[in-house]
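One structure is given below, encoded as structure tokens.
The values are calculated or read from the model by the stated rules, or taken from the named source; none is laboratory data. Since we're looking at a predicted model, the values are computed, not measured. Neighbour counts are summed over all protein chains in view; Cβ atoms, including those assigned to glycine, are modelled from backbone coordinates with ideal geometry.
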């Protein structure tokens, strides 16, 4: 199984609850055992249940890739201990934009960032930072979902922006939406190159675009 169409706690915005890479997946502690097992089956990586700032909304607070996890300064000491216990490499970022998942897109030393982020964000991340809007949206992290085979961007993005995203991330990109037209694709999608979890209200046409953009139709 490479796709799971579902809702968590009755909410189709499944991307808010998790952070997935090619090596692991972090999910909020509000999910039951069956849901965790389904995620493991689709993504084919270990799934760890955690909280950030005592919240289950892991996808909102976390950004990064399989090399490094970025978490906001709001993270609690016991949550840092949990990340160390499961041996996830991470870095705490000091910013007023604590919803890092909504404001950063990270891949292999490159980063697309909300243009309103602080001037020292590049130094903090240790990455090359490209500050830009996507389709008129500052919260660029919410507008992009990627794996190692492709990238899905929101339906509002302009062609020149798509080309810039493709160059920065070194991936082909396709436009799409989730959950019956929601342009914030990250809110309803969680993926790696093995499979993806998509919100329960996502239409067949939206799923086709997701499959094309993330390279699943080439397998």
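Could you please give the count of residues in the range 155-185 that are modelled with pLDDT of 95 or more and closer than 17 Å to residue 211 by Cβ?
Qualifying residue count for the region: 10.
Sort through 46, 72 and tell me the only one that's loosely packed, with under 15 Cβ neighbours inside 10 Å, at pLDDT 95 or above and touching a helix residue (DSSP H, G or I) at 6+ places or on another chain (Cβ under 8 Å).
Result of the check over 46, 72: 46.
Could you tell me whether the range 32-43 includes any residue that is in a loop (DSSP other than H, G, I, E, B), surrounded by fewer than 18 Cβ atoms within 10 Å (Cβ to Cβ) and touching a residue at least 12 places away in the same chain (Cβ under 8 Å)?
Within the range 32-43 (the criterion being in a loop (DSSP other than H, G, I, E, B), surrounded by fewer than 18 Cβ atoms within 10 Å (Cβ to Cβ) and touching a residue at least 12 places away in the same chain (Cβ under 8 Å)), the answer is no, since none of the residues qualifies.
Listed residues 79, 122; which is surrounded by fewer than 21 Cβ atoms within 10 Å (Cβ to Cβ), in a helix (DSSP H, G or I) and in contact (Cβ under 8 Å) with a residue 24 or more places away in the chain?
Result of the check over 79, 122: 79.
Between a residue in the range 191-211 that is at negative phi and any residue that is surrounded by fewer than 19 Cβ atoms within 10 Å (Cβ to Cβ) and assigned to a helix (DSSP H, G or I), which pairs come within a Cβ distance under 7 Å, given they are 6 or more apart or on different chains?
Short answer, once both residue conditions are applied: 198/207; 211/217.
Can you spot a residue in the range 144-158 that is under 18 Å from residue 67 (Cβ atoms), in contact with a strand residue (DSSP E or B) (Cβ under 9 Å, 6 or more places away or on another chain) and assigned to a loop (DSSP other than H, G, I, E, B)?
yes
Sort through 140, 185, 129, 165 and tell me the only one that's crowded, with 17+ Cβ neighbours inside 10 Å, in contact (Cβ under 8 Å) with a residue 40 or more places away in the chain and closer than 29 Å to residue 51 by Cβ.
Residue meeting the stated conditions: 185.
Would you confirm, using the coordinates I've provided, whether residue 60 is touching a residue at least 24 places away in the same chain (Cβ under 8 Å) and in a loop (DSSP other than H, G, I, E, B)?
no
Which of the residues spanning the range 165-194 are more than 15 Å from the chain's Cα centre (by Cα), closer than 18 Å to residue 134 by Cβ and assigned to a loop (DSSP other than H, G, I, E, B)?
170, 171, 172, 181
Within the range 195-212, identify whether any single residue is at pLDDT below 95, part of a loop (DSSP other than H, G, I, E, B) and farther than 16 Å from residue 104 by Cα, and answer yes or no.
no
With (1) closer than 19 Å to residue 22 by Cβ; (2) crowded, with 18+ Cβ neighbours inside 10 Å; (3) over 17 Å from the mean Cα position of the chain (by Cα) as the list, and residue 101 as the residue in question, which single condition is left unmet?
Looking at each condition in turn, residue 101 falls short on (3).
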